[in-house]
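Asker: Input: one structure, supplied below.
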Amino acid sequence: MRNRILAATAVFIAAIATILAPTTTASAATVDWACPPTQAVPAPPNPFLIYFGAASYVSGNDPSYMKNLCGQAPGAQSSSWVKYTEVDGERPGGGDTVAFLGLPGAVAIDTQFAPLTDGIGAEVDKIVIASYLGKRFDVATVINSVKAKIVALLADYDQVVVFGSSTGGPLASQVLTQLPAADQARIDLLLGCSPAGNNTLSASNQTLGTVASFARFLGDTTYMEDPFWRAILIPLKMRAEWGTNYQADQILYNANYKPLANGSLAGLNKVVYYAASQDETVNDDLAFPAWQAMRGGNLPLYTEPGSHVGFGGSTADWLRDITAELP
């Protein structure tokens, strides 16, 4: 009798849980994100425990926490590659077809754009979002991959909107200026809190670039994945859940990026800059004029509330101003 009561109670609880469980929109459910959002993320490591070998999970050979490896063993990963998450949009027919390509920032993957996906999807025919994966972040590999994807999108759609979030902005600039003038004229570039050289980064990120440069100067950097060195680098703003070398690659890319010549982006159909009122990563007051010079003319400016590309915290504001600039 007691077992029957327990069984009935369990069924009742399960039924209530099903009713109360949050629902997910159909479009969000169909997104095949590069790294599942349920992937476990460990607690921040204790440097003292790492030093004594009590927190071995911080080793770069443990894939369970490394977002840039998405749960796959390093040996099974290419050194550097790009995965594209693609979702069909719901743009009303009858006019030009539009594709949206999202390029995430440093230590970010496709899910950075997740809060915006449904809203943007209603305005475009296709959403494509990149994730930079692998043990390293090789700039040439990423640029060549993104260029090939944009060329493919231009072959299938009348217009392409490229949203460069943070580091995605410099990457986009280097890719788009390689395209023929006729292709550039069909592209809109939206820049979200995008740095334009080391001096446009926050003071702490400039310091981090100096540290990464010094580490590279010492030669082979495989030592940076060892627990001892991660214990030193993580307090200097390195993230525990990302590979150390991978982060250093991206830090150096931002630190070494040189703004393109004035007017280099003049051939694009549109360029827009989005700043954040409390940007702790990029000095938007310095980055904006640098991008304006690269545009070689008027550059519309939006200032969103909250932190650096804070899509999740100020979704409505970002979505309103992004969709206002879509074709």
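The values are calculated or read from the model by the stated rules, or taken from the named source; none is laboratory data. Predicted model only: the values in this text are computed from it and were never measured. Glycine also receives a Cβ, built like all others from the backbone with ideal geometry; neighbour counts cover every protein chain displayed. Note: accessible area is taken over every heavy atom of the protein model, side chains too, but ligands, DNA and RNA are not part of it. Shrake-Rupley method; radii C 1.70, N 1.55, O 1.52, S 1.80 Å.
Asker: Going through segment 213-255 one residue at a time, which ones are at pLDDT below 80, aliphatic (A, V, I, L, M) and open to solvent by less than 50 Å² (accessible area, probe 1.4 Å)?
Answerer: Ala215, Met224, Ala231, Leu233, Ile234, Met238, Ala240
Quick grid of which residues meet (1) out of contact with any Gly (no Cβ under 8 Å at 6 or more places or on another chain); (2) assigned to a strand (DSSP E or B); (3) surrounded by 20 or more Cβ atoms within 10 Å (Cβ to Cβ):
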site: Ala275; (1), (2), (3): yes, yes, yes
site: Met294; (1), (2), (3): no, no, yes
site: Asn298; (1), (2), (3): yes, no, no
site: Tyr302; (1), (2), (3): yes, yes, no
site: Gly306; (1), (2), (3): no, no, no
site: Gly310; (1), (2), (3): yes, no, yes
site: Trp318; (1), (2), (3): no, no, yes
site: Leu326; (1), (2), (3): yes, no, no
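Asker: Also: Restricting attention to segment 67-107, and to residues there that are open to solvent by less than 10 Å² (accessible area, probe 1.4 Å) and among the hydrophobic types (A, V, I, L, M, F, W, C), which single residue is farthest from Gln247 (Cα to Cα)?
Answerer: Across segment 67-107, the extreme among qualifying residues is Val98.
Asker: Checking the condition part of a helix (DSSP H, G or I), surrounded by fewer than 18 Cβ atoms within 10 Å (Cβ to Cβ) and touching a residue at least 24 places away in the same chain (Cβ under 8 Å), which residue from Val146, Val151, Val142 passes?
Answerer: Result: Val151 is the single residue among Val146, Val151, Val142 that is part of a helix (DSSP H, G or I), surrounded by fewer than 18 Cβ atoms within 10 Å (Cβ to Cβ) and touching a residue at least 24 places away in the same chain (Cβ under 8 Å).
Asker: With (1) open to solvent by less than 10 Å² (accessible area, probe 1.4 Å); (2) not in a helix (DSSP H, G or I) as the list, and Arg136 as the residue in question, which single condition is left unmet?
Answerer: Among (1) open to solvent by less than 10 Å² (accessible area, probe 1.4 Å); (2) not in a helix (DSSP H, G or I), Arg136 violates only (1).
Asker: Scanning for something assigned to a strand (DSSP E or B) and touching a Cys at 6+ places or on another chain (Cβ under 7 Å), does segment 126-133 turn up at least one residue?
Answerer: Yes - at least one qualifying residue is present in segment 126-133.
Asker: Residue under question is Ile129, and the condition is that it be within 21 Å of Pro195 (Cα to Cα), touching a residue at least 12 places away in the same chain (Cβ under 8 Å) and open to solvent by less than 10 Å² (accessible area, probe 1.4 Å); does it hold?
Answerer: It is true that Ile129 is within 21 Å of Pro195 (Cα to Cα), touching a residue at least 12 places away in the same chain (Cβ under 8 Å) and open to solvent by less than 10 Å² (accessible area, probe 1.4 Å).
Asker: Exactly one condition in (1) assigned to a loop (DSSP other than H, G, I, E, B); (2) hydrophobic (A, V, I, L, M, F, W, C); (3) in contact with a Lys or Arg (Cβ under 7 Å, 6 or more places away or on another chain) is false for Val271; which is it?
Answerer: Evaluating Val271 over (1) assigned to a loop (DSSP other than H, G, I, E, B); (2) hydrophobic (A, V, I, L, M, F, W, C); (3) in contact with a Lys or Arg (Cβ under 7 Å, 6 or more places away or on another chain) leaves (1) as the failure.
Asker: Any residue that is under 20 Å from Asp183 (Cα atoms) and open to solvent by less than 20 Å² (accessible area, probe 1.4 Å) - is there at least one of those in segment 108-122?
Answerer: no
Asker: Additional query: Tally up the residues in segment 166-201 that are open to solvent by 50 Å² or more (accessible area, probe 1.4 Å), under 17 Å from Gly263 (Cα atoms) and assigned to a helix (DSSP H, G or I), please.
Answerer: 3
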